[in-house]
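The values are calculated or read from the model by the stated rules, or taken from the named source; none is laboratory data. The shown structure was predicted, so the numbers you read here are calculated from the model rather than taken from an experiment. Heads up, the Cβs are rebuilt from the backbone with ideal geometry, glycines too, and the neighbour counts pull from every protein chain shown. Keep in mind that these areas ignore ligands, DNA and RNA; they rest on the heavy atoms of the full protein, side chains included. Shrake-Rupley method; radii C 1.70, N 1.55, O 1.52, S 1.80 Å.
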Amino acid sequence: MTRNLIGPLLSQSSDGIYVIDPESGRILDANQAGCAVLGMTLSELLGESVLSLNEDVKSGGQWSDIARVIREQRSFTFVGRHRRRDGSDFPVEVVTDLVEHDGQDYFLSVARDLSGHQRHSQHLLDNDLIRTLLMNESSDGLWDWNLEDNSLFLSPQWFRMLGFGPQEIATPTLKTWSEAVHPEDKARVMATLSHHLKGNTSRYSAKYRLRSRDGEYIWVRDRGMVAARNDAGEPIRMIGLVLDISEAEQRAAQLMEQARRDYLTQLYNRRAGYEQFEAQLAQCRDKQLAMPVVMLDIDHFKQVNDANGHLAGDQVICQLAALISAHLKGDEQLFRWGGEEFLLLLPGLSPEQACERVESMRRALQEQGCDIEGSGRLSVTFSAGISAYPQDGESIRELVHVADAALYRAKHAGRNRVIMGESQLCSA
């Protein structure tokens, strides 16, 4: 008499129950509660998938990793957020089992809505109300380190932030965390932690990269403090929060890079050029290589602007930058030094080779000119002066001074020519 009870009873469950295709993550069936909590009808829900409903599963690759773990463990618990039809989200604990029916594998997920009430967790080390609130409501990853046995409690948010299910790492320790810190950051972070444990700082705070489940690194801001000491004053417990700041770091890096680039040509600007110049010069010193330095200037640029407008002048600058860039090899670099002036570094070339290279650029520009929108092809040339490390100087200032003086002589000798050092004309 009880054989037909499972289906009707599950349909009346207050938890959302979903049948999922293991390969695609597509929703194949759901009970009434599963539809209601998402604000969807069953027909609407059948067009959705794990990727569209789960805020914390963001790529097909991540879903493939999770599906593989479910197959291996046959049961998997995931704490995350489900997205409703109206775009809002709510916290859930999802227990997914691998099931078989008529020779076909399926994932059966039971999702419990965690919003609106306190959730009891078997992972809690004590009944601290503040910690429970933080674990359930904070978007940060909570950690609690027991220094006496080196055990480490990590909240579901910590696991979710790094793409793990909360039960994938059964007994995390300090090593679990420290091995995930980027090798380039580890010494600095461990020193910061040690300073706090020794009482040298009132709190621990560090920004570093942490390896996620897929092997990629995310930027985090980690803060914490010693919460308990023994009778001897030695720290025995430390609590903290980790916040994912990857988006902010990426945005900051983008803004920093934009500040280093010329808005028109996207070449490094003069400020960034000095940094790159110093780095190239240091490498050439270490490797005992020569490095020609070239100053280029567009001839009669004011006349280009006056006759054709500033937009035409911008097009000339961009096309010259593109032409020269197309001739570059290896570590050679071009910078927009200001206005219509460019600086070119040719590490590893002899002065004679630099002359040949710059001459080929000069001839190419003279032959092809620049295509100006609305004005057709415009005849454009440039003049250039070349200095060379080490014979013309060993500092940026000396090398730029000699190259600039050579450029001045090229201009006054009739323009559309390349001069090296004191007076050597590169043109054949």
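Tell me the per residue accessible area of segment 248-331 using a 1.4 Å probe; a whole number in Å² is fine. Before the final figure, lay out the partial values.
Working: 4800 Å² over 84 residues.
Ligands and nucleic acids excluded, the figure is 57 Å² per residue.
With θ taken as phi - 60° and the Karplus curve 6.51 cos²θ - 1.76 cosθ + 1.60 applied, the whole-hertz 3J(HN,Hα) list for segment 293-299 is 10, 10, 9, 10, 9, 5, 6 Hz, x standing for glycine and proline.
The fraction of Cα-Cα pairs per 20 angstrom bin, counted from 0 for the chain, comes to 20, 31, 27, 20, 2, 0 percent, rounded to whole percents. Proximity of backbone amide H atoms, modeled 1.01 Å from N, is registered between D89 and R84 at under 5 Å, excluding neighbours fewer than 5 places apart on the same chain. Taking every Cα-Cα distance in segment 321-377 and sorting them into 10 Å bins starting at zero, the pair-distance distribution P(r) comes out as 20, 49, 26, 6, 0 percent.
Cysteines in the chain that lack a partner Cβ within the 4.7 Å cut-off: C35, C284, C318, C370. Per residue, segment 356-424 exposes 51 Å² of solvent-accessible protein surface, assessed with a 1.4 angstrom probe and all protein chains in place.
What the phi angles of segment 408-415 give under the Karplus curve with 6.51, -1.76 and 1.60, with θ = phi - 60°, is a coupling list of 4, 5, 5, 5, 7, 8, x, 6 Hz, glycine and proline written as x.
Here is the tail figure for segment 233-325: Cα pairs spaced more than 16 Å apart come to 74 percent of all pairs. Note on segment 62-87 and segment 235-268: Cα centroid distance 29 Å, given to the nearest whole angstrom.
Distance between the 7 Å Cα→Cβ label points at E72 and T173: 2.0 nm.
Quick one: pull the percent of accessible area on segment 372-426 belonging to carbon and sulfur, 1.4 Å probe, ligands and nucleic acids left out.
Numbers: 1290 of 2860 Å².
After summing per-atom areas, the C and S share lands at 45 percent.
Working from the pairwise distances between different alpha carbons, so that the mean of 1/r is found and then inverted, what is segment 167-244's Kirkwood radius in Å? Every distinct Cα pair counted, the radius reaches 13.5 Å. Surface calculation, 1.4 Å probe, protein heavy atoms: L152 sits at approximately 10 Å² accessible.
Note on Y274 and Q288: the model spin-label points, each 7 Å out from Cα along the C-beta direction, lie 3.2 nm apart. Here the extension length gained between Y408 and Q258 equals 50.9 nm, from 0.36 nm per residue of separation less the Cα-Cα distance.
With every protein chain kept in the model, how would you rank H327, H82 by accessible area, 1.4 Å probe, largest at the top?
Details: H327 55, H82 20 Å².
Result, largest first: H327, H82.
The label point for T381 and the one for E249, both projected 7 Å from the Cα toward the Cβ, are 5.2 nm apart. Per-peptide packing, taken as the mean over residues of other Cβ atoms within 10 Å, places 43-52, 87-96 in the sequence 87-96, 43-52 from highest down.
Please report, in cubic angstrom per residue, the volume enclosed by the convex hull of the alpha-carbon atoms of segment 34-102.
Numbers: hull volume 7.2 nm³, N = 69.
Value for segment 34-102: 104 Å³ per residue.
Evaluated over the chain, the count of Lys pairs having alpha-carbon atoms less than 19 Å apart is 6 (only pairs 8 or more residues apart or interchain). Solvent-accessible area of segment 219-355 (1.4 angstrom probe, protein heavy atoms only): carbon and sulfur portion equals 51 percent. For segment 143-182, would you read off the P(r) tail past 13 Å as a percentage of all alpha carbon pairs? Cα-Cα pairs in segment 143-182 separated by more than 13 Å: 51 percent.
From the P(r) of segment 287-351, can you give the percent of Cα pairs sitting at distances over 15 Å?
Values: 1158 of 2080 pairs.
The share of Cα pairs beyond 15 Å in segment 287-351 comes to 56 percent.
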